[in-house]
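Peer 1: Okay, handing you the structure first.
The values are calculated or read from the model by the stated rules, or taken from the named source; none is laboratory data. In this text, all values refer to a predicted model and were calculated from it rather than measured experimentally. A quick note on method: Cβ atoms are made from the backbone with ideal geometry, for glycine too, and the neighbour counts reach across all protein chains shown.
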Amino acid sequence: MATSDGKSKNPSIDSFIKLYNEGKLERALSFGTDLYAARPELKTDLIFVIAFAKVLIEAEAPSSKIRSLLAEAHLVAPENADVLDYLEIVETKNRLKKGLGDVGKLALKNLIRRSPKNVHAHFILGAHLFWSDEESMMAIPHLETCVRLHPNFLRAWGCLGAIYKKMGNPQLAQMAFLKCAAIETNQSMKEFFEKQANLT
C-alpha cells in the first residue's frame, strides 16, 4: 500500500528503498531478498516489487528471477506502466545484439521515448552502446541521465569512468571513478576504483 505521495506505509519497505537510493546495493539486495521470502504479501505490493526489480537489475540477477517477480505483480496490476516497462526491459535485454538491425536496441529507444526517466532503460542501452557497439558518444547521454536521476548508481558511474578514460578526458574519468569509490562498499573494489582514479 502507498500513501498519497507515493511512499510506502510499510517501514521495512521504506528502509529497503533508502538503502537502494543510498547506493548500498549489496545490503539492499540482501534485505530485499529476505523481505520477499518472509512476507509473501509483498509480491503484490507494487512499490516493493518495482524497487526490488531495480535492485535485481543493478545486481545483475538472472533475468528469470526478475521476470518471475514482475509477472506476479502484472497479474495483480496488468495496466501498471512501471511493471510493464520493467517486464519489457528484462525481455529486451536478452534480445540485444551487436550492430545494425538490433531489435533490442530499438525497443529500448522506444521505451525511453515513452518513459524518459526510466533509469534502467537508459543504463542498459548506454552500457550496450559502449561495451558492445563501441559507440562511446552515443552511450554518454544515456549514462549521464542515469547518474542524474539516480546519483548513487555505481555501475553507471563505472561505465562513465571507462568511457571518459577511453575518450581522453582524465578529469571526468577521475571524478567518475572517485564517485565509484565513494559508493562502493567492497574494500577491494573501492581500492580498485581509487587506483583507476589515480591512473587518469
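Peer 1: Which condition number does Lys109 fail, the rest of (1) over 23 Å from Phe123 (Cα atoms); (2) surrounded by fewer than 17 Cβ atoms within 10 Å (Cβ to Cβ) being met?
Peer 2: The one condition Lys109 does not meet is (1).
Peer 1: Taking the stretch 58-69, which residues are over 14 Å from Leu35 (Cβ atoms) and either touching a residue at least 24 places away in the same chain (Cβ under 8 Å) or not hydroxyl-bearing (Ser, Thr, Tyr) (or both)?
Peer 2: Residues satisfying the conditions are Glu58, Ala59, Glu60, Ala61, Pro62, Ser63, Lys65, Ile66, Arg67.
Peer 1: Here are some conditions: (1) free of Cβ contacts under 8 Å to residues at least 40 places away in the same chain; (2) under 20 Å from Ala156 (Cβ atoms); (3) more than 15 Å from the chain's Cα centre (by Cα). Val55 meets all but one. Which one does it not meet?
Peer 2: Against the list (1) free of Cβ contacts under 8 Å to residues at least 40 places away in the same chain; (2) under 20 Å from Ala156 (Cβ atoms); (3) more than 15 Å from the chain's Cα centre (by Cα), Val55 comes up short only on (3).
Peer 1: If I ask for residues that are in a helix (DSSP H, G or I) and either of a type in the set (A, V, I, L, M, F, W, C) or more than 13 Å from Arg67 (Cβ to Cβ) (or both), which ones from the stretch 82-96 would you list?
Peer 2: Residues satisfying the conditions are Asp82, Val83, Leu84, Asp85, Leu87, Ile89, Val90.
Peer 1: Looking at the stretch 8-28, which of its residues are farther than 23 Å from Asn80 by Cβ and among the aliphatic types (A, V, I, L, M)?
Peer 2: Leu19, Leu25
Peer 1: So which residues in the stretch 1-22 are within 22 Å of the chain's Cα centre (by Cα), part of a loop (DSSP other than H, G, I, E, B) and modelled with pLDDT under 95, if there are any at all?
Peer 2: Result: Gly6, Lys7.
Peer 1: Just to be sure I understand the filter: pairs with C-beta atoms under 6 Å, separated by 6 or more residues or on different chains, first member in the stretch 177-197 and without any contact (Cβ under 8 Å) to a residue 12 or more places away in the chain, second member outside any helix (DSSP H, G or I). Which pairs pass?
Peer 2: Qualifying pairs under 6 Å: Lys190/Glu184.
Peer 1: Checking Ala61 against (1) within 21 Å of Phe31 (Cβ to Cβ); (2) assigned to a helix (DSSP H, G or I), only one condition comes out false. Which one?
Peer 2: Status for Ala61: all satisfied but (2).
Peer 1: Looking at this structure, is Ala71 aliphatic (A, V, I, L, M), assigned to a helix (DSSP H, G or I) and farther than 14 Å from Ala121 by Cβ?
Peer 2: yes
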